[in-house]
């Protein structure tokens with residue numbers, strides 16, 4: 001290949017509520033190919049444990065996708081999917097497939113009655129197929145149930161002071177006094193679980209996962225103290241003497257505490273979702289011959305620096321001393337050094353003031369046009 005040809009590695013995350021990571025990568029590549037820049041584009045859509053990470057991993061490994069009917073966050077039937085890779089010995093499960101906030105589109109969010117039970121049903125299906133290793137993406141949920149629904153589907157029992165079994169929802173867990181883990185499926189306890197966390201927040205406190213993300217799932221400010229009270233009791237019963245360690249666990253606050261709950265069972269490893277995704281899929285190899293890297297996602301903000309995919313992409317690219325550009329729908333007006341040390345340019349793709357719904361609708365066209373304009377600059 002001509003040495004003057006720009007070799008662009010295009011590695012975006014999903015643009016939430018607009019485009020999947022794959023669709024975003026295709027749009028960016030289209031823009032560069034329409035520009036004056038002589039380029040060769042390598043498309044490498046990435047995930048960080050958030051919605052769509054599982055399907056990307058299944059695609060990269062040429063795995064098999066399965067569908068089954070489970071419960072959505074509010075107990076209605078929904079068709080969910082998960083994947084099998086490595087000769088069907090490893091299940092790749094996205095919590096969002098059964099427990100995602102997108103499943104409640106057009107319906108009222110009801111955080112106190114939402115549960116991850118449907119995700120637990122997916123685990124059970126995989127166990128029945130002989131799977132004993134799981135890779136779990138935990139982002140994009142509609143739930144803050146501390147993983148209680150998932151554990152209930154695996155056999156755990158939640159009891160009140162009268163010994164009556166409770167539902168696995170925040171509302172029901174207000175009266176929780178005992179957690180019976182003896183009836184959890186022994187096949188699951190003997191399995192290996194890798195949890196891909198899309199954020200690194202701990203469980204509690206001002207920057208804890210419960211307080212940071214519950215408002216996105218319908219919690220009012222007045223609900224936050226109640227939720228934290230419920231889950232301090234819940235995790236104390238779940239972890240026992242290890243509660244201090246669990247409260248300090250980086251990533252434990254992901255997915256409303258699901259990450260911490262899986263860790264408490266003793267067979268789960270919590271991983272930086274984006275970094276592990278890039279390691280699993282061999283991203284380094286694509287950087288060895290690259291001219292520059294383009295990444296992006298729907299919004300750049302403080303959370304971008306707490307485990308999101310563009311941050312991991314840029315961090316790895318800088319090891320190879322590559323320029324890194326990012327495309328996004330929204331970014332801070334001024335950027336702290338944590339951004340500028342990694343990203344050589346962060347470009348918003350909007351073409352003018354508009355409503356959020358209009359911006360989402362135009363995401364593909366705006367990505368194409370922005371990439372085209374950037375390519376025209378370098379291609380002169």
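The values are calculated or read from the model by the stated rules, or taken from the named source; none is laboratory data. Not measured: the values here are computed from a predicted model. Heads up, the Cβs are rebuilt from the backbone with ideal geometry, glycines too, and the neighbour counts pull from every protein chain shown.
Looking at the structure I just gave you, is residue 269 closer than 27 Å to residue 58 by Cβ and in the same structural domain as residue 23 (by TED's automatic domain parsing)?
Values: closer than 27 Å to residue 58 by Cβ: yes; in the same structural domain as residue 23 (by TED's automatic domain parsing): no.
Considered against the rule, which asks whether it is closer than 27 Å to residue 58 by Cβ and in the same structural domain as residue 23 (by TED's automatic domain parsing), residue 269 comes out as no.
Would you kindly identify the strands (runs of 3 or more DSSP E) lying entirely within region 1-81 that contain at least 1 residues that are touching a helix residue (DSSP H, G or I) at 6+ places or on another chain (Cβ under 6 Å) and surrounded by fewer than 20 Cβ atoms within 10 Å (Cβ to Cβ)?
39-43, 64-71
Would you call residue 258 closer than 23 Å to residue 309 by Cβ and either assigned to a helix (DSSP H, G or I) or without any contact (Cβ under 8 Å) to a residue 60 or more places away in the chain (or both)? Explain how you work it out, then say what you get.
Working: closer than 23 Å to residue 309 by Cβ: yes; either assigned to a helix (DSSP H, G or I) or without any contact (Cβ under 8 Å) to a residue 60 or more places away in the chain (or both): yes.
It is true that residue 258 is closer than 23 Å to residue 309 by Cβ and either assigned to a helix (DSSP H, G or I) or without any contact (Cβ under 8 Å) to a residue 60 or more places away in the chain (or both).
Within region 276-293, can you find the residues that are closer than 26 Å to residue 38 by Cβ and touching a residue at least 24 places away in the same chain (Cβ under 8 Å)?
Hits for region 276-293 are 283, 284, 286, 287, 288, 289, 290, 291, 292, 293.
What are the residues in region 81-116 that are over 18 Å from the mean Cα position of the chain (by Cα) and either outside the structural domain of residue 57 (by TED's automatic domain parsing) or closer than 22 Å to residue 64 by Cβ (or both), if any?
84, 85, 86, 87, 88, 89, 90
At least 2 residues that are farther than 24 Å from residue 90 by Cβ in each: list the strands (runs of 3 or more DSSP E) lying fully within region 136-236 that qualify.
157-159, 178-180
Would a scan of region 175-186 turn up a residue that is in contact (Cβ under 8 Å) with a residue 60 or more places away in the chain and closer than 21 Å to residue 254 by Cα?
No: region 175-186 contains no residue that is in contact (Cβ under 8 Å) with a residue 60 or more places away in the chain and closer than 21 Å to residue 254 by Cα.
Within region 99-141, count every residue that is free of Cβ contacts under 8 Å to residues at least 40 places away in the same chain and crowded, with 24+ Cβ neighbours inside 10 Å.
Total meeting the criteria: 1.
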